[in-house]
Amino acid sequence: MEERFSVTMSRSGIADMLHRLGLRWKRTTYVLAKANKEKQQAFVHQVEMIKKT
């Protein structure tokens, strides 16, 4: 908000403002799927190869 609108507000102030406007602010959560071990190992291998070059 500060960069775009030149307005500085606290997180709680933003949440209060959204509530007054009938909106809701909610912190996002992430749901991680079960990891595929083969793909994960291949990715780690690729990263290691990139680091060596």
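Once the trypsin sites (Lys or Arg not before Pro) in DSSP loops with at most 12 neighbouring Cβ atoms within 10 Å are cut out of the chain, the longest remaining piece is 1-23.
Which entry in (i) 15.5; (ii) 12.0; (iii) 10.9 is this structure's computed Kirkwood radius over Cα pairs in Å? Among (i) 15.5; (ii) 12.0; (iii) 10.9, the one calculated here is (i). The alpha-carbon of Lys26 sits under 30 angstrom from the alpha-carbons of these lysines, leaving out residues fewer than 8 places away in its chain: Lys34.
Relative to the dominant Cα principal axis of the chain, helix 11-20 is inclined by about 60°.
Accessible area per residue was computed with a 1.4 Å probe on protein heavy atoms; Met49 scores about 100 Å². Principal-axis analysis of the Cα atoms of the chain puts helix 37-52 at an angle of about 80° to the longest axis. Take the chain with all the other protein chains still there, run a 1.4 Å probe, and you get 112 Å² of accessible area per residue.
The values are calculated or read from the model by the stated rules, or taken from the named source; none is laboratory data. Every value quoted in this text rests on a predicted model; they were computed, and no experiment measured them. Note that each Cβ is placed from the backbone with ideal geometry, even for glycine, and that neighbours are counted across all protein chains shown. In case anyone asks, the SASA skips ligands and DNA or RNA and just uses the protein heavy atoms, side chains included. Shrake-Rupley method; radii C 1.70, N 1.55, O 1.52, S 1.80 Å.
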